Amino acid sequence: MFALSEFPLPYPTDALVPFISSQTLETHHGKHVATYIDNLNKLIENTPYENVSLVEIIEQSAGKPAEQKIFNNAAQIYNHDFFFHGMCPQCEAKIPDEIINSFGSEQQFKDQFKSAATSLFGSGYTWLVRDEDNVLRIVNTANADTPIVYNMKPILALDVWEHAYYLDYKNKRADFIDSFLDNLVDWNFVAENLRQ
Ligand code: MN
């Protein structure tokens, strides 16, 4: 059994104002993530998944049509926790050199990330990942899908489901992406993931 308290927001719900409102974070974490946890608990009750870790549930249910609901709810818990930890209030750290070296410049990285996030059709996430060949890449995943089942190590995630931004930005996803890249990314979190 999982609990929302195991996946706390790393800051208060008003910490990211004015870029993300308290209302959005209260709903996003306190309602959406809470629902994924409730759903997963019901789905794994009295199954072998009851006593394994969240990542093991994701890895073992991936690609199995009969376990799609288990995968979706488990991956959504993981993806949200990763997304929320990639942001901080009044972040002051600089973008890591490895990203500048890989993408050419800070601006080129942001342009590529924004282009991917803007073009993602429907719901999903845009990620910075390290792939199997140790190359940094920007990739999109649809719906609840997650890079960890494709042997890619997540470095940074942006949730572009409409529930992530609609209350604050309405249909203007591009403005939300700009706020994320220019004001919200916790580059210390990114640097830590790059080192691991
Ligand atoms: Mn979300």
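The values are calculated or read from the model by the stated rules, or taken from the named source; none is laboratory data. Note that the coordinates shown come from a computational prediction; the quantities given were computed from them, not determined experimentally. Here the Cβ positions follow ideal geometry from the backbone for every residue, glycine too, while neighbour counts run over all protein chains shown. Note: accessible area is taken over every heavy atom of the protein model, side chains too, but ligands, DNA and RNA are not part of it. Shrake-Rupley method; radii C 1.70, N 1.55, O 1.52, S 1.80 Å.
If we sort 100-106, 140-146 on the protection proxy, mean other Cβ atoms within 10 Å, highest first, what's the order?
Order by mean packing, descending: 140-146, 100-106.
Please give the contour-minus-distance gain from Ser115 to Met1: 0.36 nm per residue of separation, less the Cα-Cα distance, rounded to one decimal in nm.
37.2 nm
Identify the trypsin sites (Lys or Arg not before Pro) of region 54-123 meeting these criteria: DSSP loop state and at most 16 other C-beta atoms within 10 Å of the C-beta.
On the way: sites: Lys69, Lys94, Lys110, Lys114; in loops: Lys94.
Sparse-neighbourhood loop trypsin sites (Lys or Arg not before Pro): Lys94.
Out of Gln60, His29, Asn101, whose Cα points farthest toward the positive end of the dipole of region 1-151 (charges: +1 Lys, Arg; -1 Asp, Glu; placed on Cβ)?
It is His29.
In the full protein assembly as shown, how much of Met152 is accessible to a 1.4 Å probe, in Å² to the nearest 10?
30
Give the residue from Ser5, Asn41, Tyr125 lying farthest towards the positive end of the charge dipole for the chain; charges sit on Cβ (+1 for Lys and Arg, -1 for Asp and Glu) and the dipole is referred to the Cα centre.
My answer, from the dipole projection, is Tyr125.
So what's the net charge close to Ile58: Lys and Arg +1, Asp and Glu -1, counting the other residues with Cβ under 11 Å from its Cβ?
Net of charged neighbours comes to -4.
Taking θ = phi - 60°, what integer Hz values does the Karplus form 6.51 cos²θ - 1.76 cosθ + 1.60 yield along region 155-172, in sequence order, with x for Gly and Pro?
10, 7, 10, 10, 7, 10, 4, 4, 5, 6, 9, 5, 5, 9, 10, 6, 7, 8
Any idea what angle helix 34-44 forms with the longest principal axis of the chain, computed on alpha-carbon atoms, 0 to 90 degrees, nearest 10?
It is inclined by approximately 40 degrees.
Take His163 and Asn46, extend 7 Å from each Cα along the Cα→Cβ direction, and tell me the distance between the two endpoints in nm.
2.7
Counting Lys and Arg as +1 and Asp and Glu as -1, each charge on the Cβ, what is the dipole of region 21-85 about the Cα centre in debye, to the nearest 20? Display every interim value, and only then the final one.
Details: 4 positive and 8 negative charges, 39 e Å.
So the magnitude is around 180 debye.
With the contact rule set at Cα under 8 Å and sequence spacing of 6 or more, what percent relative contact order holds for region 97-195?
On the way: 121 pairs, mean separation 23.4, N = 99.
Once normalised by length, the contact order is 24 percent.
Name the lysines eligible as straight-distance cross-link partners of Lys42: C-alpha to C-alpha under 27 Å, and not fewer than 8 places from it in the same chain.
Result set, ordered by chain and number: Lys31, Lys64, Lys69.
What net charge do the residues around Pro89 carry, taking every other residue with its C-beta under 11 Å from that of Pro89, with Lys and Arg at +1 and Asp and Glu at -1?
That works out to -3.
Dipole size in debye (nearest 20) for the chain around its Cα centre, Lys and Arg Cβ +1, Asp and Glu Cβ -1?
360
Considering only protein heavy atoms and a probe of 1.4 Å, how much of the accessible area of the chain is carbon and sulfur, as a whole percent?
The computed percentage sits at 48.
Roughly how big is region 135-196's charge dipole about its Cα centre, with Cβ charges of +1 (Lys, Arg) and -1 (Asp, Glu), in debye to the nearest 20?
In total the dipole reaches around 220 debye.
Considering only the other residues whose Cβ falls under 13 Å of the Cβ of Phe176, what net charge follows from Lys and Arg at +1 and Asp and Glu at -1? All intermediate terms of the calculation are to be shown ahead of the outcome.
Values: positive: Lys114, Lys170, Lys172, Arg173; negative: Asp159, Glu162, Asp168, Asp175, Asp178, Asp182.
With Lys, Arg at +1 and Asp, Glu at -1, the neighbours total -2.
Given a 1.4 Å probe, how much area per residue of the chain is accessible, in Å²?
Per-residue value: 50 Å².
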